[in-house]
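Q: Sharing a structure with you now.
Bear in mind these aren't lab numbers, they're just calculated from the coordinates by the rules spelled out. The structure presented is a predicted model; accordingly, all values stated were derived computationally and were not measured. Note: ideal-geometry Cβ built from the backbone for every residue, glycine included; neighbour counts use all protein chains shown.
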Amino acid sequence: MSETVLEDYASLVSQTVESRRKGRGLKAAIYDASRILGLTERRVRACLYREIRSVKAAEWLSVRARFAAHLEAEERRYVAEAELLRARIKALRKEAA
């Protein structure tokens, strides 16, 4: 298995953990990442600490697809937050006028 593929795989898993870590502990973030990516918590930890030795093609493709879906969900959440902020700003400006 190519070192680049292993590093890319571990990087996607690590990014998922970090995205779930905001305001929470590492253990909870690992648990969330394992659910999002369809991996065991042990596999997530192995990626996080760069202890993985190999990855099967099917697993790599599955994680990539699930990571993309995770990013799309994050994008939708950020868009909704931005729309809410715009509405709040508009309401405040309307009250001030």
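Q: Quick one: how many residues across the stretch 25-46 are over 14 Å from the mean Cα position of the chain (by Cα) and loosely packed, with under 13 Cβ neighbours inside 10 Å?
A: Residues that pass the stated criteria total 4.
Q: If you check every pair at least six apart or on different chains, which have Cβ atoms under 8 Å apart with a residue in the stretch 6-20 that is at positive phi and among the small types (Gly, Ala, Ser) first and a residue that is crowded, with 20+ Cβ neighbours inside 10 Å and in a helix (DSSP H, G or I) second?
A: none
Q: Next question. For the stretch 60-87, name all the residues that are in contact (Cβ under 8 Å) with a residue 12 or more places away in the chain and of a type outside the set (Gly, Ala, Ser).
A: Residues satisfying the conditions are Trp60, Val63, Arg64, Arg66, Phe67, His70, Glu74.
Q: Can you find a residue that is in contact with a His (Cβ under 7 Å, 6 or more places away or on another chain) and either surrounded by fewer than 16 Cβ atoms within 10 Å (Cβ to Cβ) or within 24 Å of Thr4 (Cβ to Cβ) (or both) anywhere in the stretch 47-61?
A: Checked against the condition, which is being in contact with a His (Cβ under 7 Å, 6 or more places away or on another chain) and either surrounded by fewer than 16 Cβ atoms within 10 Å (Cβ to Cβ) or within 24 Å of Thr4 (Cβ to Cβ) (or both), the stretch 47-61 yields no hits at all.
Q: Residue by residue through the stretch 1-49, note down the ones that are in a loop (DSSP other than H, G, I, E, B) and not aliphatic (A, V, I, L, M).
A: Ser2, Lys22, Gly23, Arg24, Gly25, Gly38, Thr40, Tyr49 - these are the residues of the stretch 1-49 that are in a loop (DSSP other than H, G, I, E, B) and not aliphatic (A, V, I, L, M).
Q: Any residue that is in a helix (DSSP H, G or I), within 13 Å of the chain's Cα centre (by Cα) and surrounded by 13 or more Cβ atoms within 10 Å (Cβ to Cβ) - is there at least one of those in the stretch 76-89?
A: no
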